[in-house]
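The values are calculated or read from the model by the stated rules, or taken from the named source; none is laboratory data. The model shown is predicted, which means the values in this text are computed figures rather than measured ones. Cβ coordinates were reconstructed from backbone atoms using ideal geometry, including for glycine residues, and neighbour counts include every protein chain displayed.
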Amino acid sequence: MGGGNSQLIFLLIMVALLVFMFSRTRKQQKAQQQMQTGVAPGARVMTTSGMFGTVVDIEGDEVVLEIAPGLQTRWTRRAVARVVAPTEVAPLEESADPVDGGLSLQKRDDDAAGGATRAQ
């Protein structure tokens, strides 16, 4: 009869553990949902895929994010993972050339002349 009591205790512990896990998950889901519904234009956010942007507009279940100066993308509200502090992500600087981001590639003298790069 001692075996039946230990099985009952084990079953009760497992049920209590599952109840605790479900309540914790529900709290996290509720907090996430409150954060997503509380997002307003001007908020700096990170999406679930890791994209950072500033909320420009909210249209129903969709959020319009500006991910670079003048570049806006449309996301489902559920894709917003969290609101980030302004100091977490450095703002993008506008470049003179939007095509290559202001970066220029410089060739080495050897490459420009068509020669192979020599090992030194």
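Computed quantities for the displayed model
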item	result
Filter result for residue 37 (surrounded by 13 or more Cβ atoms within 10 Å (Cβ to Cβ) and polar (S, T, N, Q))	no
Every pair of residues 6+ apart whose Cβ atoms lie under 8 Å, when the first sits in segment 31-49 and is basic (Lys, Arg) while the second is at pLDDT below 85 and surrounded by fewer than 11 Cβ atoms within 10 Å (Cβ to Cβ)	44/85; 44/86
Exclusive hit being assigned to a helix (DSSP H, G or I) and exposed (fewer than 10 other Cβ atoms within 10 Å of the Cβ), set 50, 4	4
Every pair of residues 6+ apart whose Cβ atoms lie under 9 Å, when the first sits in segment 53-66 and is closer than 16 Å to residue 81 by Cα while the second is among the acidic types (Asp, Glu)	53/66; 54/66; 55/66; 63/57; 64/57
Some residue of segment 17-32 being aliphatic (A, V, I, L, M) and either surrounded by fewer than 10 Cβ atoms within 10 Å (Cβ to Cβ) or modelled with pLDDT under 80 (or both)	yes
